[in-house]
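Asks: Quick one: structure below, then a few questions.
The values are calculated or read from the model by the stated rules, or taken from the named source; none is laboratory data. If you're wondering where the values come from, they're calculated on a predicted model, not measured in any experiment. Positions of Cβ are backbone-derived with ideal geometry, glycine not excepted, and every protein chain shown enters the neighbour counts. Heavy atoms of the whole protein, side chains included, go into the accessibility calculation; ligands, DNA and RNA do not. Shrake-Rupley method; radii C 1.70, N 1.55, O 1.52, S 1.80 Å.
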Amino acid sequence: MNLIKLQVKTGHQKYPIFIGKNILNKLKLILKENFINFNQCLVIADKNVPKKLIDKVLNSLPKKKIFLHYFKSSEKNKNQKSIDNILSILLSKNFNRNDCVVSVGGGITGDVSGFAASVFKRGLKFINIPTTLLSQVDSSIGGKTGINNKYGKNLIGAFYQPSLVISDIIFLKSLPKREIVCGYGEILKHAIIADKKFFTFLDINGSQILNLKSPLIEKTILKSCSIKKKVVETDEKEIGLRKILNFGHTFAHAYEATLGYSKKLNHGEAVILGIKTAAKFSLSNNILSVEEFNLIENHLNKLSLPRNIHKFFSLKDVNKILSFIKKDKKNNTNKLNLILLKKIGSPIYKLQFHEKKIYLFLRKELIK
């Protein structure tokens, strides 16, 4: 598949997303054609990315002052201390607002790099080179940046759109299978909230997509990005429609926080569990039909994706899970907001529930 370009147009900025294989070789040309110039550049590189690929990025950048900062990507390091370390480098090297931060890594690295770029002198250029499937199909699009703290996930952050996104398929070959599954969770979410035909495509080709078969993987990334692009362009600041992108995430973030962001459950796995939980809650409230729920459950079963919360939690965890759900940033009343599903392709984002109803549902699920 040839080089693909998607143009994202929000109310505040317009920027391109490039998708393809070995497109790092064209990075200088892409920067030039998109009028992205700088005198200094800080490359923030995820330590999990193979050094040869980081070197390829460095060698592909214009011959300017390039500084390299390695970041140990983890939910626990997605914090204010990491932001302060990056800001100290930018300040000590006298970066200005015409200079640039380049993120080379997964969603955590992109979130941290983007947030640092957004607050440094009220914003400098930000280029995102996502290296995981999850970040290529989700977190690199839409401008959400942020960090965690003891009260929950992504509670401190900003909407800050990148100047450019480069999604090179070559990075995916270096990922363990668990990371591919992690990204697949967001792809599946996009299909469920927006496009039943895409869901059917995934149901037929899921195994090959998880094995990164070309051109299926490129087509899947393109379709997933296109879905999110359309939503973000309609609602950049998550006032209304963009909330549907959080389908499954209220539960997912609570699951991650309850486990202390441990390696027992990564973000994408938590999203898949959250999708199953949200679909089951939709079913139990007579919003989603049994037939539609079974389509989702059978898909998870067929691909052996994470789907049983009782493998990670027990009854004693219910109150802790609920406490994190109550801290979710979408809540603005005494009731709790959930993104639910009427049918595949038709989410509902204006529903609120008393915490007791969610408590009883989770308790019932964890008794099994």
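Asks: Anything in the range 170-220 that is over 20 Å from LYS343 (Cα atoms), open to solvent by 10 Å² or more (accessible area, probe 1.4 Å) and of a type in the set (Val, Ile, Thr)? List them, or say none.
Replies: Residues satisfying the conditions are ILE170, VAL181.
Asks: Taking the range 358-368 only, how many residues are at pLDDT 90 or above, farther than 15 Å from SER323 by Cβ and surrounded by fewer than 15 Cβ atoms within 10 Å (Cβ to Cβ)?
Replies: Residues that pass the stated criteria total 2.
Asks: Output the number of residues of the range 50-71 satisfying the condition of being open to solvent by 10 Å² or more (accessible area, probe 1.4 Å), in contact (Cβ under 8 Å) with a residue 12 or more places away in the chain and within 17 Å of ILE170 (Cα to Cα).
Replies: Matching residues across the range 50-71 total 5.
Asks: Applying the selection to the range 119-138, what residues are under 13 Å from PHE171 (Cα atoms) and open to solvent by less than 10 Å² (accessible area, probe 1.4 Å)? Don't jump to the end; show me each part of the working.
Replies: Taking the range 119-138 first, the residues under 13 Å from PHE171 (Cα atoms) are 129-136.
Hits for the range 119-138 are ILE129, PRO130, THR131, LEU133, SER135, GLN136.
Asks: Would you confirm whether or not the range 280-290 contains a residue that is surrounded by 19 or more Cβ atoms within 10 Å (Cβ to Cβ), of a type outside the set (Gly, Ala, Ser), under 18 Å from the mean Cα position of the chain (by Cα) and not in a loop (DSSP other than H, G, I, E, B)?
Replies: No: the range 280-290 contains no residue that is surrounded by 19 or more Cβ atoms within 10 Å (Cβ to Cβ), of a type outside the set (Gly, Ala, Ser), under 18 Å from the mean Cα position of the chain (by Cα) and not in a loop (DSSP other than H, G, I, E, B).
Asks: Which residues, counting only those in the range 202-224, are in contact with a Leu (Cβ under 6 Å, 6 or more places away or on another chain) and in a helix (DSSP H, G or I)? Let's see the steps before the verdict.
Replies: At the first step, the residues of the range 202-224 found to be in contact with a Leu (Cβ under 6 Å, 6 or more places away or on another chain) are 205-206, 208-209, 212.
Within the range 202-224, ASN205, GLY206, GLN208, ILE209 qualify.
Asks: Right, something else. Determine, yes or no, whether SER314 is surrounded by fewer than 20 Cβ atoms within 10 Å (Cβ to Cβ) and among the hydroxyl-bearing types (Ser, Thr, Tyr). Spell out the reasoning first.
Replies: On the way: surrounded by fewer than 20 Cβ atoms within 10 Å (Cβ to Cβ): yes; among the hydroxyl-bearing types (Ser, Thr, Tyr): yes.
Considered against the rule, which asks whether it is surrounded by fewer than 20 Cβ atoms within 10 Å (Cβ to Cβ) and among the hydroxyl-bearing types (Ser, Thr, Tyr), SER314 comes out as yes.
Asks: Which of the residues spanning the range 225-266 are of a type in the set (Lys, Arg) and buried (at least 21 other Cβ atoms within 10 Å of the Cβ)?
Replies: Going residue by residue through the range 225-266, those that are of a type in the set (Lys, Arg) are 228-230, 237, 242-243, 263-264.
Matches in the range 225-266: LYS228 only.
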